Structure formats: structure tokens, C-alpha cells
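Structure, as C-alpha cells:
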Amino acid sequence: MVMLSPTPGRNRKTMAVGIPTVDLSQDRSVVIELIIKACQEYGFFKVTNHGIDKEIVERLEDEAVDFFSKPASEKQRAGPANPFGYGCKNIGRNGDTGELEYLLLEANRLYISKRSETISNDPVEFSCAANDYVQSVKELTCEILDLVAEGLWVLDKHVLSRLIRDVQSDSLIRINHYPAVNEVKEWDPSPKTIGFGEHSDPQMLTILRSNDVAGLQIQLQDGFWVPVPPDPAGFYVIVGDALQVLTNGRFVSVRHRALANSHKTRMSMMFFGAPSLNTWISPLPEVVSPNNPSLYKPFTWSEFKKAAYSLRLGDTRLDLFKTPTTD
Ligand SMILES: C=C1C[C@]23C[C@@]1(O)CC[C@H]2[C@@]12CC[C@H](O)[C@@](C)(C(=O)O1)[C@H]2[C@@H]3C(=O)O
Ligand SMILES: O=C(O)CCC(=O)C(=O)O
Ligand SMILES: [Fe+2]
């Protein structure tokens, strides 16, 4: 990873850094080592040679382009997002806003089929595209979680992926659409229209894919923001709060944000891998020892979600679940 000096100019807190990239076709032991390192240092990496068919991605992307190009009154039929459905500018229930519109859906087959009726004039087409995409990215999530378990020397190699494969899994899919900005102020060397404000994802793992328009940034542990170059052929992997807890803080849930100051429309699709609502979340026994006691109180995914939804987007909700001795 090459570290360059901070970008000169007014926005000093942005830095050009190479994003860790994992070619999944490499030798398994190499892949595991790279993933563990990236999750510990950044909570973020890109995967290439992931095996997901380009056509599956493009079908959902085309469906999303059709949806977002509809008149506002038609899109509202799929909204308002509370939290699921079509949302415009409002994020969550506590006053957060951004320069975007989105579709947020539960990532299960029946739910998507039902919801498709308000999203598309051809609900079967939308539903097939979304369900095929979910199935592919869910498989990728599980593959990565199995590699993580192996890399952490966890005895039950599928302990993490089983949570996502569970039929009751609370995983979500989100498609964000950031409209093009007509007028980028020429005099401003670092325009910063916030599309989606800084936050960490509450779930275990997020798989993000975008079109070829920039905007995503991740925050390093020293506070610097790093722009992530868009790569429509790759997928970005984001460690979420739940995986930070399961690994007892060895992995970091990375803070990230999306800027919306491009002349071109940006579109991103996220799969948020989460366990079922009644799953207990606490560090895996293999990452806890007398020298390394649990940093978090056990909680259910439902309790954590409730806390997340009662807070603002940028709040560090994990603070509420730390064991008293760690403060
Ligand atoms: C402001 C909020 C939006 C959010 C729920 C929350 O209260 C805090 C977490 C937010 C977030 C961030 C990652 C995902 O985009 C999301 C769907 C999630 O699970 O947590 C959003 C929530 C949302 O937009 O409903
Ligand atoms: O749209 C993006 O690129 C990021 C959005 C995001 O982080 C989210 O929806 O949780
Ligand atoms: Fe996010």
C-alpha cells in the first residue's frame, strides 16, 4: 500500500492511498492472509475475480436506471422508506439527509417479489434481476466469511456464513442513486456535496458495487479520508459493526461516506449481510483470552438494530455496547 502526502489545498484531510485489493483466484492461503490484513488495518478491500456474472450485475443496474428515471409521482408508489421502499433525500428516521434517492429492501425472495409490484411495470423482470443479484452477492459474502473464519483459526469454519445463509437472516439490499450536479463551482478546489454522510454499517459485511462514477470515500484510523476509485467490474467489501464485535475489535468497522459532486449520475448497490433478529452477537471464543477479554457486552441483532435506528447516521453506536472496563 503506497501512502502519499495529504492533498494540498483547503481539504487537507483527504489522502491518496492504494486500496487493498484481493484477487480471489489466487492461492487460498494468500487470499486469507490478504483479507485478514485488510480487515484489521482498514475494514475495507476490493475483490477481483469474484466469479459473479457481469450480466447479473448489469440486469439489476438496468432495472434500477429504469426505476430512477421515472417521474417522482410514480417512484413515490414504492415509498416512503420507513425504513424500506423508495426514499428521497431523507435517510433513517432521525433527521439525516443526503443528495440521493434510493431503494432499500429486505434481501429475501418473497419480500422482493411482493415489493416489485410498486417498483416496476414488469415486476417479474425486476424481481428476477434483484433476486439473482442477491443470491450471487450473498454467496460472495459467505465465501469471504468462510475465508475470514479460517484466517482467524475458528474451529467451526462456517460459523459466520451460517448466519447469512439462515432463512431468517436480516440482510438488506440498497440501491443508491446520486443525481449529477449540473454546476460544479469552478473556484472550489475540493467541492464536497455530501451524498450519504459518514457512518459505519451496522451489519457484519457489506458488498458494494458502483458504476464508473467516483464518490465513495473511506476514513483511515488517523482521520484522513481516502477516495475509492470506482470499478464497475469489482466489488468492495466493508466490515460492519457486528463483525467488529464478533472479532473482538480485531477487525474495524470502517467509517465511509459518499460525495455527490460529479457531472455524471452515480449509482451504487449494497448488500448488507446480517444475522437473524434473535441471534446473539458476542466475540467468537477463539478471539477471546484472559489477556484479550471481551470488549463488548453480548446483545441480540434485534437490540443492536433498535439502537442503530434510534441514533443518527454518524453516531458510533458500538459505544453503547462496550464492557465497562474498556472505557
Ligand atoms: C440514520 C440511519 C439510517 C440507517 C439507520 C440509522 O438510524 C443509522 C444507520 C443507518 C444505516 C447505514 C447503513 C445502511 O445504509 C442502513 C440501511 C443500515 O442498516 O444502517 C442505514 C439505515 C437506513 O438508511 O435505514
Ligand atoms: O452509495 C455509496 O457508495 C455508499 C452508501 C452507503 O454507505 C450505505 O448506503 O450504507
Ligand atoms: Fe454504508
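Observations, loosely collected:
- Close pairs from segment 222-244: first within 29 Å of P275 (Cα to Cα), partner small (G, A, S) and surrounded by fewer than 19 Cβ atoms within 10 Å (Cβ to Cβ), Cβ under 9 Å, at least 6 apart: V228/A214; P230/A214
- Residue within segment 215-235 that is surrounded by 19 or more Cβ atoms within 10 Å (Cβ to Cβ), modelled with pLDDT of 95 or more, of a type in the set (D, E, K, R) and under 15 Å from F45 (Cβ atoms) present: no
- When the residues of segment 313-325 are filtered to those that are within 16 Å of ligand 3 (Cβ to nearest atom) and surrounded by fewer than 15 Cβ atoms within 10 Å (Cβ to Cβ), the one that is nearest to F84 (Cα to Cα) is G314.
- Residues of segment 164-180 classified as closer than 12 Å to L277 by Cβ and either surrounded by 22 or more Cβ atoms within 10 Å (Cβ to Cβ) or in contact with a helix residue (DSSP H, G or I) (Cβ under 7 Å, 6 or more places away or on another chain) (or both), total: 3
- Test: residue in segment 187-196 that is touching a helix residue (DSSP H, G or I) at 6+ places or on another chain (Cβ under 7 Å) and closer than 20 Å to A16 by Cα: no
- Neighbours by Cβ (under 8 Å, 6+ apart or cross-chain): first from segment 167-180, touching a residue at least 24 places away in the same chain (Cβ under 8 Å); second assigned to a loop (DSSP other than H, G, I, E, B) and among the basic types (K, R): A180/K264
Residue by residue, here is whether (1) away from ligand 2 (no atom under 13 Å from the Cβ); (2) in contact with a Ser or Thr (Cβ under 6 Å, 6 or more places away or on another chain); (3) not hydroxyl-bearing (S, T, Y) holds:
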| residue | (1), (2), (3) |
| --- | --- |
| H263 | yes, no, yes |
| M270 | no, yes, yes |
| L284 | yes, no, yes |
| V287 | yes, yes, yes |
| S310 | yes, no, no |
| T325 | yes, no, no |
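- Checking each residue in segment 244-296 for being in contact with a strand residue (DSSP E or B) (Cβ under 7 Å, 6 or more places away or on another chain) and β-branched (V, I, T) picks out V245, V252, V254, T265, T279, I281.
- Residues of segment 87-106 classified as within 16 Å of ligand 2 (Cβ to nearest atom) and either of a type outside the set (A, V, I, L, M, F, W, C) or assigned to a helix (DSSP H, G or I) (or both), total: 13
- Residue satisfying all of: in segment 35-69; assigned to a loop (DSSP other than H, G, I, E, B) and among the polar types (S, T, N, Q); nearest to F272 (Cα to Cα) among these: N49
- Complete set of residues in segment 112-131 that are surrounded by 17 or more Cβ atoms within 10 Å (Cβ to Cβ) and not aliphatic (A, V, I, L, M): R115, S116, S120, F126, S127, C128, N131
- Lone unmet requirement of (1) crowded, with 16+ Cβ neighbours inside 10 Å; (2) among the charged types (D, E, K, R); (3) over 30 Å from A260 (Cα atoms); (4) without any contact (Cβ under 8 Å) to a residue 40 or more places away in the chain for E150: (4)
- Among the residues of segment 192-220, those that are out of contact with any Phe, Trp or Tyr (no Cβ under 6 Å at 6 or more places or on another chain) and free of Cβ contacts under 8 Å to residues at least 60 places away in the same chain comprise S210, D212, V213, A214, G215, L216.
- Only one entry in G234, G215 is among the small types (G, A, S) and more than 13 Å from ligand 3 (Cβ to nearest atom), namely G234.
- With respect to the conditions (1) at pLDDT 95 or above; (2) of a type in the set (D, E, K, R); (3) more than 13 Å from ligand 2 (Cβ to nearest atom), D241 lacks only one, and its number is (3).
- Scanning segment 269-281 for residues that are touching a Leu at 6+ places or on another chain (Cβ under 8 Å), of a type outside the set (V, I, T) and under 22 Å from D315 (Cβ atoms), we see that the one that is surrounded by the most Cβ atoms within 10 Å (Cβ to Cβ) is G273.
The values are calculated or read from the model by the stated rules, or taken from the named source; none is laboratory data. Not measured: the values here are computed from a predicted model. In this analysis, Cβ positions are derived from the backbone assuming ideal geometry, glycine residues included, and neighbour counts consider all displayed protein chains.
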